[in-house]
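A short worksheet on the structure shown next.
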Amino acid sequence: MTGTTTKSPLRAVLRDLRAVDGAVYAAVAATPTPALDAGLRRLSHTADHSKISFAVAAALALVPGRPRRAALAGVGAIAVASATANLLGKRLVRRERPDREAARVVAGRHVRMPDSASFPSGHTASAVAFATAVGVVLPPAAVPLQVLAMAVGYSRVHTGVHYPGDVAAGAVLGMASAAVSLTAGASWSAARGK
């Protein structure tokens, strides 16, 4: 055996995934999209603190029955996603934010660069959690809310504050958070019915 050590297959795969992640980020940064830049910047900013989802939830809560239950499930899913992303995920992984200047992200796309770690995307986790939970309880809302959640996730890459992998992880976390919220809601309803 030579003096070189063999690298674990997992490390090699993670290295390659990071390379792809960085390459996709760089490709988005390098692609001129002047017609999209202002709108995606506004969307990314408006999605701060789940303002869009909370506004939709407030509108749904005004309608008794299924829409109100959907709003409650969606807000519960946001709570789970936000807590998990910000209190657990970002603190465990501690991935640095992308270097927007090095990637030459157009200044017209910029939103404030968050101080928190990059992985996972909390905006995406919360948007997907809300859309998934509401969509399960109120199916007609599923497609528009999922499209909105995907746009929020993409906007975070477009504005240069997240890598695509952060957004993908946020989406998975959002779906899991919706499942937790829906399960808790079903258990609570069953307990009340006894």
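Of note:
- Local electrostatic count at Ala107 - Lys and Arg +1, Asp and Glu -1, tallied over other residues with Cβ under 12 Å: +2
- Solvent exposure ordering (accessible area, 1.4 Å, most first) of Arg11, Arg109: Arg11, Arg109
- HN-Hα J in Hz across the stretch 182-190 - Karplus 6.51, -1.76, 1.60, θ = phi - 60°, x for Gly and Pro: 5, 5, 5, x, 5, 5, 5, 5, 5
- Two-site label geometry, Ala190 and Arg112: point separation in nm, points 7 Å out along Cα→Cβ: 4.3
- Here is the size of the stretch 41-122 from its Cα atoms: Rg then Dmax, 16.0, 51 Å.
- For the stretch 44-194: accessible area per residue (Å², 1.4 Å): 50
- For the stretch 16-148, the relative contact order comes to 31 percent (Cα pairs under 8 Å, sequence separation of at least 6).
- Under the Karplus curve 6.51 cos²θ - 1.76 cosθ + 1.60, θ = phi - 60°, whole-Hz ³J(HN,Hα) for the stretch 34-48, x wherever Gly or Pro sits: x, 6, 9, 4, 5, x, 6, 5, 5, 4, 4, 5, 5, 7, 3
- For Val137, the shell of other residues with beta-carbons less than 13 Å away shows a net charge of +3, using +1 for Lys and Arg and -1 for Asp and Glu.
- Efficiency of FRET between Asp48 and Lys7 - r from beta-carbon atoms, R0 35 angstrom, step 0.05: 0.30
- Charge-dipole axis of the chain as Lys and Arg at +1 and Asp and Glu at -1 on Cβ define it, positive-most pick from Trp188, Ala12, Tyr25: Trp188
- Within-13-Å neighbourhood charge of Arg41 [Cβ basis; K, R +1; D, E -1]: +3
- Rg of the Cα atoms in the stretch 88-175, relative to 2.2 N^0.38 Å, amounts to 1.13.
- Gain on full stretching of the segment that runs from Leu17 to Arg94 - 0.36 nm per residue minus C-alpha separation: 26.0 nm
- If the Kirkwood radius is taken over C-alpha pairs of the chain, then at 37 °C and 0.692 mPa s the Stokes-Einstein diffusion coefficient equals 185 µm²/s.
The values are calculated or read from the model by the stated rules, or taken from the named source; none is laboratory data. No experiment lies behind these values; they were computed from the predicted model shown. When we count neighbours, we look across all protein chains shown, and the Cβ atoms used for this are built from the backbone with ideal geometry, even at glycine. In case anyone asks, the SASA skips ligands and DNA or RNA and just uses the protein heavy atoms, side chains included. Shrake-Rupley method; radii C 1.70, N 1.55, O 1.52, S 1.80 Å.
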